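Asks: I have a structure here, written as structure tokens, and I will follow up with some questions on it.
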Amino acid sequence: MKKIIILFTIGLCLVGCEDKFLDLNDLDSITEQVYFDEPQNFIDASNRFYRTLHSPAGTSGDGFAEISDYGTEFSGYLQDYGQGTNNATDTDIYWNNPYTYLREVNILIKKADEYVANGGSMSDISESVAAAYFFRAYNHFRLLKRFGGVPIVTDITNVDSDVLFAPRNSRYEVVEQILADLDLAIAGLPETATGADLGKMSSAAALAYKARVLLFEGTWEKYVGTATDFEGSGTGNNSAEYIAQAVIVAKAVMDIGQYEIWNKNDDPLMENNSYKWLFSIEGADSNPGGYTKSSNKEFIIQTIFDFDSGNRIGNLFTQINAGRNAPTQIALDIYSCLDGLPIAKSTQFEGYATQDVQFINRDRRMWANYGRQVIENGSRPILPISAVNNSNLENGKFKTWNDYRSVNEESYNYSHLRYGEVLLTYAEALYERDGSISDNDLNISVNLLRDRASIAPLTNTLANDNNLDMLEEIRRERTVELYMEDNNHWNDIRRWNTAVDLLNADIVGYVIEGTEYDTDINLFDPSIAIYGFDDDYPSGVGPVKALIIDSKENRPFNLKNYLWPLPINETVINTSLKQNPGW
């Protein structure tokens, strides 16, 4: 009997210096010829679906934060998407791969029907079938985020299948399908996945993912509307309904009581740096407090790595992203001060005289992400503007800060969705629904994260007394908390419809006016300013002169860039497919 042999703990899709993808089509994919005679066959097949949960540190515009207003690499490796200079291509792996995975998912679902029809018990395979429904939703959602409305595939496709020559479904139909499949997954999956099943899907995880989908689509329809819909797309606006559901679903995850924020700041050994260590927890020696992976109840959907079994992250993941996701000035300026106020409002902000003073009295997440190379009482030299990293600091998220593992040996678990996001979803959706949020709701959501970051809680009094926009502050929390995680910032600025303003603009690397850079040519030679200066950069001390590291002349980003173009080959093969607007 032909069986599928699989390791459950699938490695992440990571990228080195070349375009490498784990989720390219492989020779061991599930086919209709695979036997599904017993429950174990379904378990083995459903385990294969986890390989689609890959790191967004890839190519073709599926990167972390480097294609947003945070990125400082302009080599075209990914930045052409953020700059708006990309063109339609013949093929796109982010079209091909999800449809390959959808075919495999639909095979399992069909085989389940046949198994039951032939006398098998659905209860014996229900978890595998529910997992298939989750991954059918997951892959349709990947397609939706990238292309908008796409052909919905819920049957096994063959070369002559009608769906291969059918028009696109609208984004509204795709979302309905995603939510329907998630409901089936939630109903059929076990409530928890612990012990030997850690990393497998649970109903709580599917529920958390549903909250993500609802917030994404609800706010997309609210702020972007039909502006990106293809010609002939169906119309409909369920923004209010989806946002209201997001509140309910996120709160349901919170009420399960299964997850919690990993906050070990009460431990003096951790020096208020729980966030810094959260993303590289492995053995007891991987952090100052001696905590292991078993202490982490924050990760909801995660890929499990294990050093001893040889299943390690590899591919220079942490090293490469240190440079690619190094900060722009706006990335540094978004972090609040310890009093909970933005730098433009806070008396605790020390200014920019030397590079290190920017970090004084600031959110511990800023230190965690960018503080590793800060020079005490000084500034690092500004290097000539180039096609690669244009920051003299580096990103530290996902790095093993104490060299616990050598290059390519890192084996911490990788989160695709964690409890912190659920809390932020709840707060944002609640405010979007009601136009207000109570202090109590802030305390059970964003303030749990602010406490870990060692900044004062967000309250209505703080907002009112300092003329703060509450929604903007909730969005700020989401931006700094979820930095580099699962493309959240890229997806957020599109669904908020702020991406055009942020990306069709000069990208600023450093404040110059009033700093050492303004007077010490050894730290900054003005002749490298090939794009000139922004003389009115809105800094924490008011409008100042700042160095432009990528000119708006290089960035014709506009509304069409919210979605990728459909692959040209697909529109040639299927003439019923309408291209996205502007492409």
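The values are calculated or read from the model by the stated rules, or taken from the named source; none is laboratory data. Treat the numbers as computed from the prediction; the structure is a model and nothing was measured. Every residue, glycine among them, receives a Cβ derived from its backbone with ideal geometry; neighbour counts consider all protein chains shown.
Asks: Criterion first (modelled with pLDDT of 50 or more, surrounded by 14 or more Cβ atoms within 10 Å (Cβ to Cβ) and charged (D, E, K, R)) does residue 23 satisfy it?
Replies: no
Asks: A further question on this structure: Can you tell me which residues in region 284-293 are more than 9 Å from residue 402 (Cβ to Cβ), surrounded by 16 or more Cβ atoms within 10 Å (Cβ to Cβ) and over 24 Å from the mean Cα position of the chain (by Cα)? It would help to see each step written out before you state the result.
Replies: If we filter region 284-293 for residues that are more than 9 Å from residue 402 (Cβ to Cβ), which is where we start, we get 284, 289-293.
Next cut, surrounded by 16 or more Cβ atoms within 10 Å (Cβ to Cβ) only: 289, 291, 293.
Those that are more than 9 Å from residue 402 (Cβ to Cβ), surrounded by 16 or more Cβ atoms within 10 Å (Cβ to Cβ) and over 24 Å from the mean Cα position of the chain (by Cα): 289, 291.
Asks: Within region 440-452, identify whether any single residue is at pLDDT 95 or above, assigned to a loop (DSSP other than H, G, I, E, B) and either on the phi < 0 side of the Ramachandran plot or surrounded by fewer than 24 Cβ atoms within 10 Å (Cβ to Cβ) (or both), and answer yes or no.
Replies: Taking region 440-452 as the starting set, the residues that turn out to be at pLDDT 95 or above are 440-452.
Still in the running and assigned to a loop (DSSP other than H, G, I, E, B): 444-445.
With either on the phi < 0 side of the Ramachandran plot or surrounded by fewer than 24 Cβ atoms within 10 Å (Cβ to Cβ) (or both) added as a condition, the list becomes 444-445.
Looking through region 440-452, at least one residue is at pLDDT 95 or above, assigned to a loop (DSSP other than H, G, I, E, B) and either on the phi < 0 side of the Ramachandran plot or surrounded by fewer than 24 Cβ atoms within 10 Å (Cβ to Cβ) (or both).
Asks: Just a yes or no: is a residue in region 350-360 in contact with a Ser or Thr (Cβ under 8 Å, 6 or more places away or on another chain) and of a type in the set (Val, Ile, Thr)?
Replies: Yes, region 350-360 contains a residue that is in contact with a Ser or Thr (Cβ under 8 Å, 6 or more places away or on another chain) and of a type in the set (Val, Ile, Thr).
Asks: Let me ask another. For region 380-403, which residues satisfy the criterion of being at pLDDT below 90, among the hydroxyl-bearing types (Ser, Thr, Tyr) and closer than 21 Å to residue 365 by Cα?
Replies: Correct list: 400 only.
Asks: Hey, can you tell me all the residues within region 468-502 that are among the polar types (S, T, N, Q) and either touching a residue at least 24 places away in the same chain (Cβ under 8 Å) or not in a loop (DSSP other than H, G, I, E, B) (or both)?
Replies: Those that are among the polar types (S, T, N, Q) and either touching a residue at least 24 places away in the same chain (Cβ under 8 Å) or not in a loop (DSSP other than H, G, I, E, B) (or both): 479, 487, 488, 491, 497.
Asks: Here's another thing I want to ask about it. Looking for something buried (at least 20 other Cβ atoms within 10 Å of the Cβ), at pLDDT 75 or above and more than 19 Å from the chain's Cα centre (by Cα) - is there at least one such residue anywhere in region 59-68?
Replies: No, because not a single residue in region 59-68 is buried (at least 20 other Cβ atoms within 10 Å of the Cβ), at pLDDT 75 or above and more than 19 Å from the chain's Cα centre (by Cα).
Asks: Here is a further query. Mind checking whether some residue in region 511-524 is among the β-branched types (Val, Ile, Thr) and either in contact with a His (Cβ under 7 Å, 6 or more places away or on another chain) or in a strand (DSSP E or B) (or both)?
Replies: Yes, because at least one residue in region 511-524 is among the β-branched types (Val, Ile, Thr) and either in contact with a His (Cβ under 7 Å, 6 or more places away or on another chain) or in a strand (DSSP E or B) (or both).
Asks: List the residue pairs whose Cβ atoms are under 6 Å apart, where the first residue sits in region 197-212 and is under 17 Å from residue 44 (Cα atoms), the second is of a type in the set (S, T, N, Q) and not in a helix (DSSP H, G or I), and the two are 6 or more positions apart or on different chains.
Replies: Pairs found: 199/302; 202/192.
Asks: I'd like to check something: does region 500-513 contain any residue that is buried (at least 21 other Cβ atoms within 10 Å of the Cβ) and in contact with a Lys or Arg (Cβ under 7 Å, 6 or more places away or on another chain)?
Replies: The answer is yes, given that some residue of region 500-513 is buried (at least 21 other Cβ atoms within 10 Å of the Cβ) and in contact with a Lys or Arg (Cβ under 7 Å, 6 or more places away or on another chain).
Asks: Are any residues in region 332-342 over 11 Å from residue 360 (Cβ atoms) and either in a loop (DSSP other than H, G, I, E, B) or of a type in the set (S, T, N, Q) (or both), and if so, which ones?
Replies: Listed by number, the residues that qualify are 334, 335, 336, 339, 340, 341, 342.
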